[in-house]
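A short worksheet on the structure shown next.
The values are calculated or read from the model by the stated rules, or taken from the named source; none is laboratory data. Everything numeric in this text was worked out from a predicted model, so none of it was measured. Cβ: placed from backbone, ideal geometry, glycine included. Neighbour counts: every protein chain shown.
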Amino acid sequence: MSLKRQLKEFDASRNRPPEVTAILRRGIEDVRASGAAGLRIGERAPDFALPNQRGETVRLSERLSRGPVVLNFYRGVW
């Protein structure tokens with residue numbers, strides 16, 4: 001099964017009320033319309049530095065010098 005299909009099934013299993021789903025979809029469309037939707041496949045990310053979970057500054061270019069990088073932005077309590 002493809003990841004896209006797995007994600008679709010997972011999303012469907014969450015049983016969100018329709019009003020919550022509408023709010024989430026509106027938010028996604030607002031971000032897309034703003035042009036700030038992120039990178040496209042194959043596009044390079046600009047270098048940046050952010051604090052990690054321990055408050056230490058982490059720079060993308062430094063991490064990339066060691067190999068591939070996976071970014072995970074934790075926004076707090078869902």
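Here are some notes:
- Residue in segment 21-35 that is modelled with pLDDT under 90, under 17 Å from the mean Cα position of the chain (by Cα) and hydroxyl-bearing (S, T, Y) present: yes
- Residues of segment 1-45 satisfying the condition of being among the hydrophobic types (A, V, I, L, M, F, W, C), surrounded by fewer than 10 Cβ atoms within 10 Å (Cβ to Cβ) and not in a loop (DSSP other than H, G, I, E, B): L3, F10, A12, A33
- Within this structure, S61 fails the test of being at pLDDT below 85 and polar (S, T, N, Q).
- Selection within segment 46-66 - assigned to a loop (DSSP other than H, G, I, E, B) and not hydrophobic (A, V, I, L, M, F, W, C): P46, D47, N52, Q53, R54, G55, E56, S65, R66
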